[in-house]
Structures are given as C-alpha cells and as structure tokens.
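These notes concern the structure reproduced below.
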Amino acid sequence: MENVKISGIQLFLLIIGFLFGSTSILTPVASAKNDAWLAVIIGGLGGACLVWMYVAIAVLNPSKTLVEILRNRFGKYLGNAIAILYIWYIVHFSALTFRNFGEFIVTVTYPETPMVVIIGIFAALLVYAVNSGIEVVSRSSELFVPLLFVIIIIISLSLITTHDFTAFLPLLENGIKPVLHAAFEFATFPLGEIFVFLMVFPHFNKKINNLKKIAAFSVIIFILLYLWSIFEYLFVLGKDLLYRANFVPHIIASLIPNSNLEPLIDIYLIIGGGVKISICIYAAAKALSQVFGISDYRKLVTAVTTFSVVLSVWVYENLLEMVEFAQKVWPYYSIPFQIVIPLILLLSSYRAKTD
Amino acid sequence: MIRKVFGKLFSRLVKIESDKKCDPETNLLKDIENLDLTADLKANLHRIKQILGDSPDVVIRTCRIGWKQEICLAVIHIDGLVDKSLVNDDVMKALMLEVQMVDRKENLKGKHILESIRDSMLPISDVKNVKSFADFFDSVLSGDTAILVDGSDVGLAVSTRGWKSRNVEEPASESVVRGPRDGFTENLRDNTALLRRRIKTPHLRVEAYKIGKLSRTDVEIVYIKGIADEKVIEEVRRRLRRIDVDHILESGYIEELIEDAPLSLFSTIYRTERPDKLAGGIFEGRVGILIDNTPFALLVPSVFAEWIQAAEDYYERYPIGSLIRLLRIGALLSSLLLPSFYVAITTYHQEMLPTVLLLSISAAREGVPFPAIVEAFLMELSFEVLREAGIRLPRPIGPAISIIGGVIIGDAAVRAGLVGAPMVVVVAFTGIASYAISGYTASITMRFLRFGVMVLSAVLGLYGVMLAVIAITAHMVSLRSFGVPYLSPIAPFNVRDLKDVFLRAPWWAMFKRPRLIGHNEPIRQDYFLMPRYFTDEEDEPVHERRDHDD
C-alpha cells in the first residue's frame, strides 16, 4: 500500500466536499415540501447514525480498507464477492454523479454541447488528479472546498431581502409520512454514501480516535449548513417551487437581485462533484486492485473512469428519469450496501474484538 | 498520465541517442587521471607542455635560484587569471631574493627546499600542496600559481587569483525602492563574501564542488549547520554529485539537472540575484547553491509562495508589505486568468455583465470581424513579441519599441477594426500585471499557462476556465521541492506559516521558522518582542524563554 497520509483538516474538507457534491444541484428532501427542514433534521440524525456505524467499523479494524475488512469477516471468497458488488455500487454511484453533473451543465449553461463532451473533459481532469494520488485530491480539496462555504454565505446573504420567514408554515400539512420518506432519502443520499470513505480512512495520519471527532464534526457542520440552505430555499422559493424545480440552488442563485451569480453554482458543483467523483473513482480502483491483487491502483483508474463515464451516458434517458431514480429507487437500492452489510460488519467486528 | 507519456518519449529518445555510442571526451580526460607529479622537474614540465599545448597565455617560467643558483624550479600560471603584481612582487621576489639570502646563511641544497619555501619564505597566506596532475591543473586553470621544484614530487599552488570582474552593482532583475542595492556578481568569491557579510554566525557552512567534466565549474552549497535540515543538505549533495555533464555555464544548468519536476512548467527551485534574499532563505533553514560565473544563485527547497514575496515586503513596514503582497496576488491571478475571463464572458456568459457595460462592449466590438478568442490571441501574441523584442534590442532602442508597440499598434489595431478597444485594455493590463509578480520565472509560467486557459475558455466558457484552474492546482499540489510540498503552507494547510504568504506578519510576530523547512531549530526568536512603552517605575519585563508548542 502506498504510504500516503491525510491530515485531519484534509479529511474534514474531503467529507464536506463529498457531502455537498450532488446536493449542490439536487435537493433530496424536496418531496417533503414545506416540512423539508424537518426531514433534514430527522434524516440527518438517521444519517449520522449510519456515519457513526462506518466510523465504528473503521475504528474496530484500524488501517484496513473496506475490502480487507470484508475478507476478514466473510472469508476470502464471500468477502471478495461482496467486495465486487460494492465496487459495482461505487462505480454506478460515480456514474450517477457524473450524470447529475453533466445534466446540470447541459440543461443550464451549455444546451447545445453534447453531454459526453462535458462529462468526458471533467473525467479526464479527475483521472489526472486521482492518478497523482489521494494526497493530491485531498490537498486540492484543501484549496477549493473552503470556497463552498464562501459561496453559500455570499448567496444566502445576498438573498436576505427576499425572504418570507413564514414559508415553513403550516407544520406537517400532509402528515408525517412524506416527511419520513424524505428523511430516509436524505439519510441515504448523501449521508449514507460516506461508506465510500472506508477506503480512505486507512490513510488518516492521526490516532484512530480522532477519526470519530472529525467525522462527527464534519457531519454536524454539513447538517447545519444544509438546514440553513433548506430554510433559505423555502423562504425564497416557497413550498411549491421547491417541490417542482429541478435545480433549486441554481434558481436561487439566479434570483439574486441586480447581478448574475449563476456561475457561482457551477463552481460550487465542479468543486463538490469533483471531490465526490474522485473519491468514488479512487475507492473503486483501489478496491478493484485489492480484490484482484494488483499492486498499483493507478493502473485501473483510467479504466474505471471510462466505464463510469460510458455508464453515466447510458444510464438515463433524460433529466426527469434521473430525478425520479434519485428519489424513488436510489434509497432502496442503497439499503443493503449502506445499512445491512455495514451492520453485519459492525456486529461481527465487535464480537471479534470482545472475544 | 502526461508524465508517463513524456517519460516514455524521453526514455525512447535517450535510448536512440545512447545506441550511437560516442564519448570522445572520456578519452580526453583519461590522460590526466591517476597521474602524479614526479621528482624530475624536466619530465613534469614536458608533460605539462604536452597537455596544455603551447597556448600564449600559459606562462612557464623556469629559474635557478639560491646563492649558487643550484636550485631549479618552475613557476607556472595562466596570464590573465592571476594578479600580476601579486605574482611578481610577492611570489617571484620571495623566490629570488628571500631564498637567496636564506640559502647563503643555511645552505638549503639537499634539504626539503619546497617545505622551507612554503613554511617560511612565501609571504602569501593561501598555499596548498599539489600531488597529482589533476589537482595541478585544477589549481592553475583556476588562477593559482604553481611552483614546482626539481627533486620534489610535490608542487605548491599559491593562491594568486585575480582577474577583471564586474563590480558589485544593483541587481538588474530584482530592484527595490527600499533595501540594499548590492547584487551578486559573476565572481564566486565575491558572492560568498557578500553572503558572509550578512551571516556572521560561525555555523555558516560552505561546501565546494567542481562540476562539469570540461568546464570544471566551481559550485558551492551554503547553509547554516543546525538550522538547515540534514536530509535536504544530503539530498542536495547527492543530486549535485550525480551531475555528469561536460559544462556548466549558468545556474540554469544546475537547476535543470537537480529539480524535482523536470517535466513541469513550474520551477521548483528559486533563483535570485540578491544576496539579502539568499541570506533570508538561509536563515529560514534553506540551502543556497552558488555557481561560479553567474550572478544567479539557487535556493532550495522552494515553495510557490516565494514567487509572490518580494524582498521589499520585508523592509517596508508590515501593513504596507502585506497590502502590496495582496495586490501582487491579484496581479498573479489576473495575469493568468483575465483574458480568459474576458473571452469566456463575451462569448458565452454575456448575461453576467451589467447591461450598460455589455452595450458598450458590443458597440466597441461591432466592426470587429473575429471572434473574441482570435482577437485575444492576436493581441497577446503581438504583446509577447514586443516584450521579447524589447529585451533583445540594444538598450537605447528598447523604450522606443515599447512606445511604438504599446501606443501605436494598440491604437491602430482598434482604428483598423482588427480588435475591439476593451481587448486592448485587457491585454495591456494583463501584460503589466505579469510584471508585478516578483519572480520572473513565475511570470513566464503564468504567461504560458494563460494561452492554454484562453483556449479552454473559448471552447467551454467559464466551465473551461474553472477546469483549467482545477487542473493547474491539482498539478501544483502534486509537486514537491526537495521533499517540501510546493503549495506548502496553503495545502497542506498550516495556520502558523500563513503569516508569510498572503500577508506579511510583523517581525515581532514571526517567532518561528517555516514548519516544513526550518523544523530542525523551529524557534527563530522570543515571543513578546512587540515594541511598547515602559514607564520608569516599571522595568522592562524579562520573559522566560517559553516552549513554543503548536
């Protein structure tokens, strides 16, 4: 394994960038309409539990990647088989992120450019970054992710005059059910996706206990920032527009009076999406190299990326299908990968530890 | 990936070259290697003449000295490299008069003549023994005067170096308003002296190397023992030792042969003409490399932040230094991105401009037949040509060219309808901004990258600009200079070292050396050096030297 270390602040920024990745364009809790904020809180708590579970697995199996943990717990053959399923899931997931990204750019900024060009150029850039090592990805995130905070603050401050602070009323207009559904969605997208970091945690350079603090801190920061954004979306757009709009953050940015700050959202998306996809590609390539005993994951990066770019172009017919999939199918598709298998891993690692 | 491709290409080329197998110069050097001086003066002189040939500037003076003219010796030096008055008044006089008088009293014949000359008769401080022909030629060809005595297989090399060299002048490429005005010269000894005048600690170390099979150039590394990282010093030594070229004419040769990222556009080694800058770096724990025959010294490890630090930042008061540095960062960014922003916005994102400005820009561009990118390339390229011409031209014509270029071509191009007036403004500003960066190398890099970013911006708009910025950054964070990450205090992030990146903290606040460079002896000075007023009753407090922990 290459001897690369990630510092605490780098890991924090990587997680934040990862979580803001696709949420910068899609709004997972929008189906709860004016109770979206409630869904963020409930889903945030659920998601935090998931993240806690992943971190606990990492703490119980220090300096082991997901693949190694799976092999340890399930034996060589079953472990490798499950690892391959995970690799598929991660590649699929990065393809979806590519697609989100391309769909947004093509819909909003460059309607006449073929999507594969947009995605392809971006993918080439990410291949370069990931090939230079996870260290380069984490250092770049150190430079760029702080921009996300700046953008969020700029956008919300410049919209302060258009707020309608009563927009979240009435409470629970449609009952609790849609709220819970949206909360579940939010827990699996984006919080549950943190499981990918099980491939990255072994590079963490401090004591493993600090990992808990950093993960907790970054998840709390993310949930608070997202809660803030959701309130802002609600106050500015109102419940109906929030529910119907495809790219809420983009609409928000275009509503800023007297100036046109739409490209800020592009920047936001490129940074977040870049971090997210490069982590996914790294995780998939690394896992693949470990499953098949290939010494260097770099040999696989180009292949994995190419596959996921092709998949991203094939996977949906259009934008609406993508939104539908993200809301209806993705949460259930994720259950075994994000909840069931990690839970088994946690319990069996815990038993192995106590025995 | 790019690295891989280039690496393969280079290794292929190298292979083709090495297949041809030709190295005449190794034969050339073979005849000196492992050859020692003999006791027979005639044989030695014969061999020397054979090797040096009969060049007119080689002076070989044989003489018989002593009371009875029984001692045979030869004095050898290169005319022009030696201080003639030193050779005549001290060396020759001592040999001819002093030896004669001593010989009359003590009869030197048959004793260790060479040793007695060296130890008691030669009024010159720097005298060395030479035993082999290799040492002999190294000394003589560097300006020493050699004395060979018949009957002794050891010669003397007397340091009589002295040649015409430039005076210490103000450095041309890095001038300041406030600060010392002396710059390095082409003479290595003068340069080490300039450095010694600033660093008087006995821990300053100078290590000498001779690099270049034919040029035998003196290269010296300078550092403060105890502060500089031993690993870095050892790495510098190792990389210098593996250089095996036939000549070194400038520090650029060394730079290219020892740098970490030979395929990158960014330079990972800092170069300067200012002794104060080199001294500052050495005080921080860096290692300086001085090369003979060039006023440019190298400094490693180097981080990108150094290219936006000018010497003057540290001499002006810190608020001024900080503000000017912010200005310089702005200049750096606009020299890289401004034309691309203009191209992207006028081509793809017109809605971003306020309506009034948009109207005036489109009015100005109305008659222009080209798209914005062609306009930008036309103007940028002509500006680059003008600049290059301005540098190469004889000095009196330079300003004339820049006036013709800047004013006349710019104005005429607008009138002729080739480019829009806003483009001229953008290009002119970009050109000026690229001069505000303190490192000339960095400004060249930015100029190169600018064209790439412009192409991307013309193809993909702001999205392309953003991708280019991310690509450049990803490349920069992957670079290292002698083990230190290139974007060091920013990524990997270190709050303490940021004191000297975007802003310049006051000197009383910079009590520690940069973490990744001066970690051997991290504490630079005490806390609480901030000046303040003390009343008579209150004595100036004596602070215990505290442990500064992070």
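Work out, step by step, the length gained on full extension between A:W228 and A:K328: first 0.36 nm times the residue separation, then minus their alpha carbon distance; give nm to one decimal.
Working it through step by step, the gained length comes to 33.5 nm.
Amide H of B:V206 versus every other amide H placed in the peptide plane: which residues, excluding those fewer than 5 positions away on the same chain, fall under 5 Å?
none
May I ask for the net charge around B:V176, where only other residues with Cβ less than 12 Å from the Cβ of B:V176 are counted and Lys, Arg are +1 while Asp, Glu are -1?
My count for the surroundings of B:V176 gives -4.
Obtain the radius of gyration and the Kirkwood radius of the stretch A:89-174 from its C-alpha atoms and give Rg over Rh.
Reported Rg/Rh, Kirkwood definition of Rh: 1.11.
Per 5 Å bin, what percent of the C-alpha pairs of the stretch B:188-314 does each bin hold, from zero upward?
Pair shares across the bins are 2, 11, 23, 25, 22, 13, 4, 1, 0.
In 5 Å bins starting at zero, report the fraction of Cα pairs in the stretch B:309-379 per bin as a rounded %.
Taking every Cα pair in the stretch B:309-379, the percentages come to 3, 14, 17, 16, 12, 10, 9, 10, 7, 2, 0.
Which of the DSSP-defined H helices in chain B satisfy a minimum axial length of 20 Å, computed from C-alpha atoms, and a minimum mean Kyte-Doolittle hydropathy of -1.0?
Helix filter hits for chain B: B:2-20, B:318-347, B:372-392, B:421-436, B:440-478.
Counting Lys and Arg as +1 and Asp and Glu as -1, each charge on the Cβ, what is the dipole of the protein assembly as shown about the Cα centre in debye, to the nearest 20?
With Lys and Arg at +1 and Asp and Glu at -1, about 1680 debye.
May I ask you to list the lysines whose Cα is less than 21 Å away from that of B:K49, ignoring any residue fewer than eight positions away on the same chain?
The reachable lysines, counting only those whose Cα sits under 21 Å from B:K49, are B:K30, B:K131, B:K213.
Residues of the stretch B:37-159: accessible area per residue at 1.4 Å, in Å²?
About 52 Å² of surface per residue is accessible.
With the alpha-carbon atoms as the only input, what is the per residue convex hull volume for the stretch A:115-258 in Å³?
Taking the convex hull of the Cα positions in the stretch A:115-258, it is 168 Å³ per residue.
In Å, what is the Rg of the alpha-carbon atoms in the stretch A:8-348, and how long is Dmax?
19.3, 62
Expressed as a whole percentage, what fraction of the accessible surface of the stretch A:8-348 belongs to carbon and sulfur atoms when a 1.4 Å probe is rolled over the protein heavy atoms?
Using a 1.4 Å probe with all protein chains present, the stretch A:8-348 comes out at 70 percent carbon and sulfur.
Given a 1.4 Å probe, show me the residues in the stretch A:241-276 buried by at least 20 Å² of accessible surface when comparing the whole protein assembly to the chain alone.
Residues losing area: A:N260, A:P263, A:I267, A:I270.
Quick one: order A:H203, B:H112 from most to least accessible surface, probe 1.4 Å.
B:H112, A:H203
Quick one: order B:C72, A:C49, A:C280 from most to least accessible surface, probe 1.4 Å.
A:C49, B:C72, A:C280
Work out from phi, with θ = phi - 60° and the Karplus expression 6.51 cos²θ - 1.76 cosθ + 1.60, the ³J(HN,Hα) of each residue of the stretch B:292-301, listed in order in whole Hz, and give x for Gly and Pro.
Result, ordered by residue: 5, 6, 8, x, 9, 9, 9, 9, 10, x Hz.
Quick one: with all protein chains in place, what share of the accessible area of the stretch B:37-159 is carbon or sulfur, to the nearest percent (1.4 Å probe)?
Roughly 47 percent, rounded to a whole number.
The stretch A:104-153: which residues show an accessible-area loss of 20 Å² or more, assembly versus chain alone, 1.4 Å probe?
A:Y110, A:I118, A:I121, A:L125, A:Y128, A:N131, A:V136, A:R139, A:S140, A:E142, A:L143, A:F144
Please list the equivalent ellipsoid semi-axes of the stretch B:393-531, computed as the square roots of five times the alpha-carbon gyration tensor eigenvalues, in descending order and whole angstrom.
So the equivalent ellipsoid measures 40, 22, 14 Å along its semi-axes.
Starting from the amide H of B:L35, placed 1.01 Å from N in the peptide plane, find each other amide H under 5 Å away whose residue is 5 or more places distant or on another chain.
For B:L35, the qualifying residues are B:F133, B:A134.
Taking the 0 to 90 degree range and rounding to the nearest ten, how far is the long axis of helix A:177-188 tilted relative to the main principal axis of chain A, both from C-alpha atoms?
50 degrees
For chain B, take the convex hull of the Cα atoms, compute a quarter of its surface area, and give me that in nm², please.
37.3 nm²
Starting from the Kirkwood radius over alpha-carbon pairs of the protein assembly as shown, derive D by Stokes-Einstein at 37 °C in a medium of 0.692 mPa s and give it in µm² s⁻¹.
Diffusion coefficient, whole number: 100 µm²/s.
Can you give me the accessible area per residue for the stretch A:8-348, using a 1.4 Å probe, in Å²?
Ligands and nucleic acids excluded, the result is 36 Å² per residue.
Ignoring ligands, DNA and RNA, how much accessible area is buried between chains B and A, both sides summed, with a 1.4 Å probe, to the nearest 100 Å²?
The contact between A and B buries close to 2500 Å².
Ignoring everything but the protein chains, give the 1.4 Å probe accessible area of B:V385 in square angstrom, nearest 10.
About 100 Å², ignoring ligands and nucleic acids.
Given charges of +1 on the Cβ of Lys and Arg and -1 on the Cβ of Asp and Glu, with all other atoms neutral, how large is the dipole of the stretch B:37-159 about its Cα centre, in debye to the nearest 20?
Computed about the Cα centre, the dipole is about 440 debye.
Using Cα-only point scatterers and the Debye equation, what is log10 of I(q)/I(0) for the stretch B:326-481 at each q in 0.14, 0.21 Å⁻¹, rounded to two decimals?
Here the Debye-derived log intensity ratios amount to -0.74, -1.41.
Computed over the Cα atoms of the stretch B:259-348, what is the ratio Rg over Rh, Rh following Kirkwood?
We get a ratio of 1.08 for the stretch B:259-348.
Rounding to the nearest 10 and keeping the result within 0 to 90°, find how far the Cα-based axis of helix A:341-354 lies from the longest principal axis of chain A.
Compared with the principal axis, the helix lies near 50 degrees.
Can you tell which of B:L204, B:H112, B:V91 lies farthest toward the positive end of the dipole of the stretch B:78-214, using +1 and -1 charges on the Cβ of basic and acidic side chains (Lys, Arg; Asp, Glu)?
Of the options given, the answer is B:L204.
Give the long-range amide H neighbours of B:V287: residues separated by 5 or more places, or on another chain, with amide H under 5 Å away, using H modelled in the peptide plane at 1.01 Å from N.
B:V300
When the accessible area of the stretch B:188-314 is computed with all protein chains present and a 1.4 Å probe, what percentage of it is carbon and sulfur?
C and S atoms contribute 52 percent here.
Rg over Rh of the stretch B:37-159, using C-alpha atoms and the Kirkwood radius, what does it come to?
Checking Rg against Rh, the ratio lands at 0.94.
Where does the protein assembly as shown land at 222 nm, in deg cm²/dmol rounded to the nearest 500, when only DSSP H runs of n ≥ 4 count, each adding -39500 (n - 2.57), divided by all residues?
-17500 deg cm²/dmol
Using the structure shown, select from A:K64/A:K353; A:K286/A:K353; B:K210/B:K512; A:K76/A:K276; B:K164/B:K210; A:K239/A:K328 the pairs with a Cα to Cα distance greater than 24 angstrom.
A:K286/A:K353; B:K210/B:K512; A:K76/A:K276
The values are calculated or read from the model by the stated rules, or taken from the named source; none is laboratory data. Nothing here was measured: the structure is a model prediction, and the numbers come from that model. We place every Cβ from the backbone using ideal geometry, glycine too, and count neighbours over all the protein chains shown. When the accessible area is computed, the model is the full protein with side chains, heavy atoms only, and any ligands, DNA or RNA have been set aside. Shrake-Rupley method; radii C 1.70, N 1.55, O 1.52, S 1.80 Å.
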